[in-house]
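Below is one structure, written out as structure tokens, with a few remarks after it.
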């Protein structure tokens with residue numbers, strides 16, 4: 001049997017018991033190609049993590065492994081919100097701007113800009129086995145390319161487990 005770490009040895013029994021219940025889990029999830037636009041993926045993320053229900057308190061980090069798509073939290077009740085969000089982001093990085101990087105198509109460089117503006121990761125709190133999203137909030141994947149491909153997400157779950 002391995003010796004107990006100095007950190008655990010310095011803790012009270014109650015603290016050590018809680019520390020031992022802390023766990024990490026990491027999983028890669030592939031999202032099938034989606035058309036250009038912003039799409040709710042909350043259900044897919046939750047279904048990919050059945051262990052979520054065992055997390056008493058913690059956090060979920062979501063990272064997209066691409067530079068031409070992004071992640072954001074936004075309204076999930078009215079689909080017009082996501083349509084409008086995509087239109088606004090398109091106006092921030094138009095395809096007719098005089099970009100230097102054009103070898104991968106007219107929509108590639110604007111996609112990189114949009115991804116940088118919206119971001120490639122999210123950090124969400126967890127309580128009692130549920131993501132602590134607000135009533136109208138959802139996890140959204142924004143596909144910025146007109147010819148999309150499957151997208152990979154890295155889901156990292158960390159917290160105190162039952």
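The values are calculated or read from the model by the stated rules, or taken from the named source; none is laboratory data. Since we're looking at a predicted model, the values are computed, not measured. Note that we place each Cβ from the backbone using ideal geometry, even for glycine, and neighbour counts take in every protein chain shown.
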statement: Considering residues that are outside any strand (DSSP E or B), touching a helix residue (DSSP H, G or I) at 6+ places or on another chain (Cβ under 8 Å) and surrounded by 14 or more Cβ atoms within 10 Å (Cβ to Cβ), the number found within the range 130-162 is 3
- request: Answer yes if at least one residue in the range 34-52 is closer than 30 Å to residue 9 by Cα, in contact (Cβ under 8 Å) with a residue 60 or more places away in the chain and loosely packed, with under 12 Cβ neighbours inside 10 Å, and no otherwise.
  value: no
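Within the range 53-68, does at least one residue satisfy the condition of being without any contact (Cβ under 8 Å) to a residue 40 or more places away in the chain and more than 23 Å from residue 28 (Cβ to Cβ)?
no
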message: Which residue is farthest from the chain's Cα centre (by Cα), if the candidates are limited to the range 82-101 and must be surrounded by 17 or more Cβ atoms within 10 Å (Cβ to Cβ) and more than 23 Å from residue 30 (Cα to Cα)?
response: 93
field: Test: residue in the range 21-28 that is within 12 Å of residue 141 (Cβ to Cβ), surrounded by 16 or more Cβ atoms within 10 Å (Cβ to Cβ) and either touching a strand residue (DSSP E or B) at 6+ places or on another chain (Cβ under 9 Å) or at pLDDT 95 or above (or both)
entry: no
